Amino acid sequence: MIDTMQIALIVAGLHLLILTIWVVATYNRFIRLKRHLDESWADIDVELKRRYDLIPNLVEAVKGYASYEQETLEKVVELRNRAMASKGDASSQAVDESALMIGMKKLFALVEAYPDLKADEHFLALQKELANTEDRIAAARRFFNGNVRDLNILRESFPTNIIGNLFRFDEGSFFELESAAEGVVPKVNEEHA
């Protein structure tokens, strides 16, 4: 027959088993969210590289029409190169991306002064590709920021914060652009495209 000591050991063992299962499951949730975060950042990175590849072509197209606007064109290339070289966390990269987009805003303001350039088929194709790329970046950014939110909630909520702190899961940083950098790429006039 089972005595009280054995019952106490069984109960303690069950509690320990339940606690172990919870720790493992919580740890695995953190790992799964970190992988989602890495994957969603890779999606952003692909689209940023696509943008970086388009910018020199846009600058060259503008150069043909606005050759004396060299300072603005060089600044955009410099900002593009700085953003490409940025390898920090999402919030520090967002600073460089914001600066680049504000530079692009100046480039597109410059384009407004050249009606022939605005109607150029090559320029319009590049502008359309850039607009599509910006839409994909925005979608990837929303997905990434949603994953950051989920990781941070799990990391800050009790009792999962115990596991997060114990295994040193860092807080995720959002990829947020300055408001002046959002919506920089003008809409493509479909009449000319």
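The values are calculated or read from the model by the stated rules, or taken from the named source; none is laboratory data. Values in this document were obtained by computation on a predicted structure and should not be read as measured data. We place every Cβ from the backbone using ideal geometry, glycine too, and count neighbours over all the protein chains shown.
Here is the figure for the stretch 160-179: residues that are touching a residue at least 24 places away in the same chain (Cβ under 8 Å) and not in a helix (DSSP H, G or I) total 9. Of the residues in the stretch 124-132, none is part of a loop (DSSP other than H, G, I, E, B) and among the charged types (D, E, K, R). Residue count for the stretch 117-140 under the criterion of being among the small types (Gly, Ala, Ser) and closer than 23 Å to ASP45 by Cβ: the result is 4. The lone criterion from (1) out of contact with any helix residue (DSSP H, G or I) (no Cβ under 6 Å at 6 or more places or on another chain); (2) modelled with pLDDT of 90 or more; (3) surrounded by 12 or more Cβ atoms within 10 Å (Cβ to Cβ); (4) within 29 Å of ALA66 (Cα to Cα) left unmet by ALA85 is number (3).
Filtering the stretch 150-159 to residues that are touching a residue at least 24 places away in the same chain (Cβ under 8 Å) and among the charged types (D, E, K, R) leaves ASP150, ARG155. Looking for something at pLDDT below 95, aliphatic (A, V, I, L, M), assigned to a helix (DSSP H, G or I) and surrounded by fewer than 18 Cβ atoms within 10 Å (Cβ to Cβ) - is there at least one such residue anywhere in the stretch 146-155? No, the conditions are met nowhere in the stretch 146-155. A single entry from GLU74, GLU97, GLU39 fulfils the requirement of being exposed (fewer than 13 other Cβ atoms within 10 Å of the Cβ) and either in contact with a helix residue (DSSP H, G or I) (Cβ under 6 Å, 6 or more places away or on another chain) or more than 20 Å from GLU134 (Cα to Cα) (or both): GLU74.
Checked against the criterion of being among the charged types (D, E, K, R), farther than 25 Å from ALA42 by Cβ and free of Cβ contacts under 8 Å to residues at least 24 places away in the same chain, the stretch 97-116 contains one or more residues that satisfy it.
Going by the conditions given, is LYS63 part of a helix (DSSP H, G or I), without any contact (Cβ under 8 Å) to a residue 12 or more places away in the chain, more than 30 Å from LEU151 (Cα to Cα) and not small (Gly, Ala, Ser)? Judged against the criteria, LYS63 is a match.
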